[in-house]
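Asks: Input: one structure, supplied below.
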Amino acid sequence: MKEGEIFGEMALFERLGRSATATALGDTRLLTVDRKKFFAGISRDPTLAFKILEAMSARTRLLNTEYTKLKKQQFESLKTALDLDQVCALILDEARRVVDADNGSVMLIGKDGQTLRIVAAFGTERAEKITLKVGDGIAGKVLASYSTIAINSALSFEELKKATEALTRVVNRLSS
């Protein structure tokens, strides 16, 4: 802290325990403020309240900046410590143990926010490392709408149902 700075101001507004401790490293002159006298003083001279609010605002802004830096550092540390494709493969393995499915995949949204990339897959019909655009297929529809699509069978999804019916007609014509 520097000369003229204040601390303990939160105690004037809240009846809670102290949120910080200060230790003097040398000769120090302190001014204590009684809560009742403080509020009486504000009614005579409101600039005192503004000075305290300025100090609280500056401290809050500093804390917010420091918190944001720490979160970014934490995220960067996690990114370097984890291989995203391995994490997705682990997630898919766990899902495979829980859900009885013949095929499955984990997709991530591309940096452009407009594509989906398969990063892990299993099954006979797996398509590893392909990229879908927003709106393509079931996953692309989910990305486009930002909501889930609950289906019990891929054939219950209307577009796939129509495509399957059209393919069946073509196969029937070819075999007759």
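The values are calculated or read from the model by the stated rules, or taken from the named source; none is laboratory data. Remember, predicted model here, so these are calculated numbers, not experimental data. Please note: Cβ atoms are built from the backbone with ideal geometry, for glycine as well, and neighbour counts cover all protein chains shown.
Asks: If you scan region 28-49, which residues turn out to be in a loop (DSSP other than H, G, I, E, B) and either in contact (Cβ under 8 Å) with a residue 40 or more places away in the chain or exposed (fewer than 11 other Cβ atoms within 10 Å of the Cβ) (or both)?
Replies: THR28, ARG29, LEU30, LEU31, THR32, ASP34, ASP45, PRO46
Asks: In this structure, is ARG61 among the charged types (D, E, K, R) and loosely packed, with under 10 Cβ neighbours inside 10 Å?
Replies: no
Asks: Does VAL33 count as within 22 Å of the chain's Cα centre (by Cα) and at pLDDT 80 or above?
Replies: No: the conditions fail for VAL33.
Asks: Going by what's in this entry, would ALA95 be described as in contact with a strand residue (DSSP E or B) (Cβ under 7 Å, 6 or more places away or on another chain) and surrounded by 13 or more Cβ atoms within 10 Å (Cβ to Cβ)?
Replies: yes
Asks: Then there is this: Would you mind telling me which numbered condition in (1) exposed (fewer than 10 other Cβ atoms within 10 Å of the Cβ); (2) in contact (Cβ under 8 Å) with a residue 40 or more places away in the chain; (3) among the β-branched types (Val, Ile, Thr) ILE52 fails?
Replies: For ILE52, the failing item is (1).
Asks: Also: For LEU143, which of the numbered conditions (1) out of contact with any strand residue (DSSP E or B) (no Cβ under 7 Å at 6 or more places or on another chain); (2) modelled with pLDDT under 80 fails to hold?
Replies: (1)
Asks: On to the next question. Here are some conditions: (1) over 25 Å from ASP136 (Cα atoms); (2) at pLDDT below 85; (3) of a type outside the set (A, V, I, L, M). LYS71 meets all but one. Which one does it not meet?
Replies: Going through (1) over 25 Å from ASP136 (Cα atoms); (2) at pLDDT below 85; (3) of a type outside the set (A, V, I, L, M) one by one, LYS71 breaks only (2).
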